[in-house]
Each structure stands twice: as structure tokens, then as C-alpha cells.
Amino acid sequence: MSGIEVITFGCRLNTYESEVMKAQAEKAGLNNAVLVNTCAVTGEAVRQARQAIRRARRDNPHARIIVTGCAAQTEKQTFAAMPEVDAVLGNEEKLSSASYRSLPDFGVSAEEKLRVNDIMSVKATAPQMVRHIDGHVRAFIQVQNGCDHRCTFCIIPYGRGNSRSVPMGAVVDQARRLADSGYREIVLTGVDATSYGGDLPGAPTLGLLAKTLLKQIPDIRRLRLSSIDSIEADAHLMDLIADEPRFMPHLHLSLQHGDDMILKRMKRRHLRADALRFIAEARRLRPEMSFGADMIAGFPTETEEMFGNAVRLAEEADIAHLHVFPYSPRPGTPAARMPQLARSLVKDRAARLRATGHKLHQSHLDGMVGTRQWLLVENNGLAHTENFTLVAAAGLRPGELVPATITGHNGKHLDMQLTAAAA
């Protein structure tokens, strides 16, 4: 091979950072290389990364393979010990061209492969400017990194460090650059995005940042948030939900569970009633609002009754896009030391929660039939409505915003007919 190939796992923040990594590696003159940007959120994500590394070596026997991302930060020795890997970079180091200029030669020891510093020592997140997000018609902007909270199941703070925000002016500059490049939709991303601004002068909030972007950059047609913690939603964000049509009517929530005792053992900052109250208020302000959510099945000590509360929360909240994770013990986290459930039970509960999510998604699709929607056409023959529902859109030009009437669905995505105008 020639050039640089990037393999990305995990969140939208990783997708954004992969573009930065590629630009910095090219700036350093790196060639004939595979960059693997890993995720550490589950043991399965780490397994998939290792599998991809082995495959990359088979396909590119003479290329340099450089591993980075959250799993590389938290399990650096694991990846350094792999014979397929030439270098391991930490989450901070991966964003610097200097890291790619100082790579070790082939055949060095595992210790010499490592370029991973203490992520907890990083106190600021430098703005990273990109003009293009490869393979995406929606543009992602990193507004925040790291997390100050310590949920008992989560390894990510140890891969990302403590919370730090990108200054508002730098975010505005990056958003303007992407809008000028033709992106119709921008997604604000972060590890704990709703903590945005707490470390900046004046403590601006995520909602205020979003308001500022839409006010200063009229060319932004659609603005989304990646994932939020509803307990941190601020008044500016609620204003946007109520009054700003360019703020998309879809929020993805970090719910994690629906039982108060499990939420406390997870060290979450909200209870069941808090989540339901936020969802009800958002729907009151904007009736077409849809919700996605992350939920964990089979957390340590979870009884059948506790699991039932999680299922009922998904139903009561009418979660249209439910992402279910079977609990995966991450070494070094408090939950990994709690009494564990049998893996077969964890998998069974995850399957049952997914079945609930499927039922809720079918109901959501049913409710969309007959509505008029603006669609953003993706690269894969599909499009997204404003409330983030997939629509079949074969033959349309990626990046277009088109009006359509929803005519039906196939259980996975909506069908549509183009219209001259949309309400």
C-alpha cells in the first residue's frame, strides 16, 4: 500500500479525531501506514481492535501499523506486545505531527514502541481544525474531551483524562470552516459534552455554545448533539429545543439503567424520575422530539425486578433508538469487583432489552408514516430525517437536503416519496 489508511472504532469523537490524526501523520511525512484508532468502552471493542490489527498486518505486510485511541491508552502493554504493532500512541500523542516523526524503527521491543503519557496530566484540549470528515455528509466538531465523573462501570476517564473544553471562539471558527466547505449538518461531540465550559472563563454551557453557533453561522442548516447527560441540560439547551428549528429534534441520552438502586451502584448522577421528567419536558416543548439512549443489561447485582425497571423505563420514555450493551467488566473499575452475573444471564437480558428496543422502534416507524420530512442524504443510499430516523434514498446525491413524504417502512427504515415542498 501507499499513503495512510485509518481504521476507526467507537464514538463520533474518534471519527473526528481520525481526520486530525491522518492530517498530522501526512504533515509529518508518514507513508505506507495503517492507523488504528481504538475504543475501550467494552471488552468486545478491544477484541475487535486486536482482530482488525491482525487483519491489517496480513493485508499490508510491509506497512507500519500504529495503534492509538482509548484502548491503547488504557491497555498500552497489550497492544505493544502484539508482533503486528509497530508503535502505540496515547490519546494526546495521536493528535501531534511530532509523534509521527519520532516513530521507532521496525523490530524494536515492546517498551520502545510506546508513546503513551499520563492522560490525567493533560489540562487543556487544543482546537483541531479540519475541513473534511472522510465518508460522512455530516460534520463532527470536538467541543470537549475527558470526564470528571467516575461511573463504576466506565474505563473511559482513564483513556481520555479529566474534562476539558475547547474555547468557544475556536469551535465557532471550526464550524464556519465546515459550513463553508458545504456541510449542511454539524454534530457537536465530546466524551461528556454537557459538562462543556465548566473549565473556561465565564463557564459557558453547551446550550449557549449551540445558540452562539446558530446565531453567528447562518449557513448551518442543521445542528445536532452527539450524546448528552440529561441531568446537566441547561436553560439555553431547553430554549433551543423549544424555539430553534435548526436544532434537530433528536437527543441521545446516557441513561444506562432504569432502576434507582442500580443507578446508584453505577454512581450515576440521575435517578429514574429525573430522566422521565427531562424527556417529558423536552417533548412538551417540542412534540416531534425523538430519543435514543444507551442502556446496560446485566450490571452486577441486577435482579430480575431491577432489570424489569430498566425495560419499563425504555417503554415509558418511548425510546425510539435504544442502544443496548451487555455489561462487560472492565479491569480497574469498581463494578468489576462487584458480584457478577452469569454471562448467559447477561446475554439473555441484553437480548430481551433489545427486543423491547425493536418493538419501540417499530412503533416509532409506524408513527412517522404520512408525515412530511426534510431528509439529509447519506453516502449509503439512505437519508436521515430531522429526528434521526433512517429513510431509503437510493439515487439521490449525498449531502443534499430534500423534502419528502413518508409512505411506509420495511421494519428497518422508512420509505418516502419526494415532494416539492415540506411543512
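The values are calculated or read from the model by the stated rules, or taken from the named source; none is laboratory data. Since we're looking at a predicted model, the values are computed, not measured. Using ideal geometry, Cβ is built from the backbone for each residue, glycine included, and neighbour counts are taken over all protein chains shown. Only protein heavy atoms, including side chains, enter the accessible area calculation; ligands, DNA and RNA are left aside. Shrake-Rupley method; radii C 1.70, N 1.55, O 1.52, S 1.80 Å.
Please determine whether any residue of region 344-364 is open to solvent by 20 Å² or more (accessible area, probe 1.4 Å) and touching a Ser or Thr at 6+ places or on another chain (Cβ under 7 Å). Talk me through it step by step, then tell me what you get.
Our first condition is that a residue be open to solvent by 20 Å² or more (accessible area, probe 1.4 Å); within region 344-364, this holds for 344-345, 347-348, 351-352, 354-355, 358-359, 361-364.
When the remaining residues are screened for being touching a Ser or Thr at 6+ places or on another chain (Cβ under 7 Å), the result is 364.
Within region 344-364 (the criterion being open to solvent by 20 Å² or more (accessible area, probe 1.4 Å) and touching a Ser or Thr at 6+ places or on another chain (Cβ under 7 Å)), the answer is yes, since at least one residue qualifies.
Please specify each residue of region 240-271 satisfying the condition of being in a helix (DSSP H, G or I) and touching a strand residue (DSSP E or B) at 6+ places or on another chain (Cβ under 9 Å). Full working, then the answer.
Step one: list which residues in region 240-271 are in a helix (DSSP H, G or I), which gives 240-243, 260-266.
Hits for region 240-271 are LEU240, ILE241, ILE262, LEU263, MET266.
Considering only residues of region 389-423 that are surrounded by 15 or more Cβ atoms within 10 Å (Cβ to Cβ) and in contact with a helix residue (DSSP H, G or I) (Cβ under 7 Å, 6 or more places away or on another chain), which is nearest to PHE291 (Cα to Cα)?
THR389
Can you tell me how many residues within region 279-301 are farther than 16 Å from HIS321 by Cα and either surrounded by fewer than 23 Cβ atoms within 10 Å (Cβ to Cβ) or not hydrophobic (A, V, I, L, M, F, W, C) (or both)?
Number satisfying all stated conditions: 10.
Please count how many residues of region 1-51 are touching a helix residue (DSSP H, G or I) at 6+ places or on another chain (Cβ under 6 Å) and either open to solvent by 50 Å² or more (accessible area, probe 1.4 Å) or farther than 27 Å from ILE186 by Cα (or both).
So the count comes out to 7.
From the set of residues in region 302-326 that are open to solvent by less than 10 Å² (accessible area, probe 1.4 Å) and touching a Gly at 6+ places or on another chain (Cβ under 6 Å), which is farthest from HIS252 (Cα to Cα)? Outline the logic, then answer.
Going through region 302-326, the residues open to solvent by less than 10 Å² (accessible area, probe 1.4 Å) turn out to be 302, 307, 310, 313-314, 317, 319-320.
Subset that is touching a Gly at 6+ places or on another chain (Cβ under 6 Å): 310, 313.
On the way: ALA310: 17, LEU313: 15 Å.
Once the filter is applied, the top-ranked residue is ALA310.
Having 1 or more residues that are touching a Leu at 6+ places or on another chain (Cβ under 9 Å) is the bar; report the helices (runs of 4 or more DSSP H) wholly within region 13-109 that clear it.
Details: elements: 43-59, 70-74, 76-80, 97-101.
The qualifying helices (runs of 4 or more DSSP H) are 70-74, 76-80, 97-101.
Does region 151-188 hold any residues that are under 20 Å from the mean Cα position of the chain (by Cα), among the small types (Gly, Ala, Ser) and on the phi < 0 side of the Ramachandran plot, and which are they?
Initially, region 151-188 is screened for residues under 20 Å from the mean Cα position of the chain (by Cα), giving 151-166, 171, 174-175, 178, 183-188.
Of the ones still in play, those that are also among the small types (Gly, Ala, Ser) are 159, 161, 163, 165, 175.
GLY159, SER163, SER165, ALA175 - these are the residues of region 151-188 that are under 20 Å from the mean Cα position of the chain (by Cα), among the small types (Gly, Ala, Ser) and on the phi < 0 side of the Ramachandran plot.
So that you can scan it fast, the table gives a plain yes or no per residue for (1) among the hydrophobic types (A, V, I, L, M, F, W, C); (2) outside any loop (DSSP other than H, G, I, E, B):
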{"site": "ALA273", "(1), (2)": "yes, yes"}
{"site": "ARG277", "(1), (2)": "no, yes"}
{"site": "PRO287", "(1), (2)": "no, no"}
{"site": "PHE307", "(1), (2)": "yes, yes"}
{"site": "LEU313", "(1), (2)": "yes, yes"}
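Does ARG224 fit the bill of being outside any helix (DSSP H, G or I), under 23 Å from the mean Cα position of the chain (by Cα) and surrounded by fewer than 16 Cβ atoms within 10 Å (Cβ to Cβ)?
Working: outside any helix (DSSP H, G or I): yes; under 23 Å from the mean Cα position of the chain (by Cα): yes; surrounded by fewer than 16 Cβ atoms within 10 Å (Cβ to Cβ): no.
Taking the combined requirement at face value, the residue does not satisfy it.
I'd like the full set of residues that are under 21 Å from ASN60 (Cβ atoms) and not in a loop (DSSP other than H, G, I, E, B), limited to region 1-12.
Residues of region 1-12 under 21 Å from ASN60 (Cβ atoms): 1-9.
Correct list: ILE4, GLU5, VAL6, ILE7, THR8.
Do we find that GLY197 is within 16 Å of ILE228 (Cβ to Cβ), touching a Pro at 6+ places or on another chain (Cβ under 6 Å) and buried (at least 17 other Cβ atoms within 10 Å of the Cβ) in this structure?
yes
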